[in-house]
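Below is one structure, written out as structure tokens, with a few remarks after it.
Computed from the coordinates by the stated procedures, all read-outs in this text should not be read as laboratory data. On a predicted model such as this, the values are computed, not experimentally measured, just so you know. Cβ placement follows ideal geometry from the backbone for every residue including glycine, while neighbour counts extend to all protein chains displayed.
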Amino acid sequence: MRLPDDYDDRSGLTPTVVSAIVAVTLFVAAILAVVLMMNNDHRGSGNHNVAQSQNSPTPPPAPSATSYPDTDELLSGSKLTPDDLDFWNMYPPSESPSATPEPVASPEATQNDPSTDGKHTLITYSDGKEEWVLISPYLPKHEYDFTRLVCQSELMKYFEDGKQVSFVGVDVSKLQDYIDFVKVKKAGINFVMIRVGARGYGTGQLILDEYFSDNIKRATDAGLDVGVYFYSQAITEDEAREEANMVIENLGEYQISYPVAFDMELVENDTARTDTLSKTERTAITKAFLDTIAAAGYKTMIYGNKQWLIKAIDMSKLTAYDVWLAQEADIPDYPYKFTMWQYSRTGNIDGIAGYANLNISFIDYSEK
């Protein structure tokens, strides 16, 4: 811009300086105007976005993340223990889908199992039926350790401290026919139980075993210890005493060292006159026989299998008499006290034709 010639510069500024100042001022004003316009455009754009945000649907909130304690919280002021932070045990090793876990019996079920509770014993009847019966806490129990039993050539022996303390025997009747007792003795037999006679299970007639006299004489001569037994079918106490007196009469002058045994047992595959007896009646008959024998000075004994001794008679009334257990087994499981055990009916003994009934006595009756 050109200034007039009559311009009076009283401030000392020359026209050139003034022109420069005016130019700078106009330049700054132009820049400010541009800045203001740009600022207005930015504000309008922002308001447009806000309006769109208000008119559009509100998006659903993001799912909250699981909150875990901070490290500082775990390290101080916390009641957690190292085990609480061990999350590896939360994931046990995977098992095969086909694997089925074994059922575990509860302690109560185990205690209630009669086969393992130690309070029951198994009875097997002649028809194969089985029954677990409670073991009486009042009857005396045997104290044998059957790990000390040794079977040598069919002969069962019992040892204590390396010494044999038992005795091997056979029981015989007319069913064994003629017996060479000398050979029996050499075969390792110590004693023999000989049948005196029997009562017929149908007729009730008393019968003397036709081999009795010969058997007791030759067994004694061979040096064997001798005992006897009677097969009873008494149905009254008087008949039991009659049977006992028959035994005493036929023993006569023979000296026996082993007991006189009472044998009443189940008659299989037929009807017997004793089938209708009650347990109480059988017990009274057994006692009547044995009391008569004891009064004559002989040792006494009850013969029977496990079923007979536990179910057929009341042993709590007969504890004064020894027991001769009949049970074909490697180890007997009769829980109560017994002194003699018939463990086989199919033994082979030199001097006896056919099968022999084998027995073991846990005491020496010759010294009793």
So for the stretch 111-218, averaging the separation of alpha carbon pairs under 8 Å that are six or more residues apart and normalising by length, what relative contact order in percent results?
14 percent
With a ≥ b ≥ c taken as the square roots of the eigenvalues of the C-alpha gyration tensor of the stretch 141-361, please select rounded if a/c is under 1.5 and otherwise prolate if a/b is larger than b/c or oblate if it is not?
oblate
Length gained when the stretch Tyr178-Ala329 is fully extended (0.36 nm per residue, less Cα-Cα span):
51.6 nm
Counting only DSSP beta bridges with both residues in the stretch 127-201, what percent are antiparallel, rounded to the nearest 5?
60 percent
Just want the ordering: Tyr355, Tyr258, Tyr303, Tyr298, from fewest to most Cβ atoms lying within 10 Å of their own Cβ.
Tyr355, Tyr298, Tyr303, Tyr258
Can you sort Val184, Val150 from fewest to most other Cβ atoms within 10 Å of each residue's own Cβ?
Val150, Val184
Considering amide H positions built from the backbone, and no H for Pro or chain starts, which residues 5 or more places from Ala326, or on another chain, come under 5 Å of its amide H?
Gly304, Asn305, Lys306, Gln342
Where a ≥ b ≥ c are root eigenvalues of the Cα gyration tensor, a/c under 1.5 meaning rounded, otherwise prolate if a/b exceeds b/c and oblate otherwise, the stretch 257-335 counts as oblate
Checking the a/c ratio against 1.5 first, then a/b against b/c, what shape does the Cα gyration tensor give for the stretch 169-214?
prolate
For the stretch 297-303, just list the computed ³J(HN,Hα) in residue order, Karplus coefficients 6.51, -1.76 and 1.60, θ = phi - 60°, integers in Hz, with x standing in for Gly and Pro.
x, 9, 6, 10, 7, 9, 9
Set Lys129/Lys287; Lys163/Lys287; Lys163/Lys337; Lys185/Lys299; Lys157/Lys337 screened for pairs whose C-alpha atoms are more than 27 Å apart
Lys129/Lys287; Lys163/Lys287
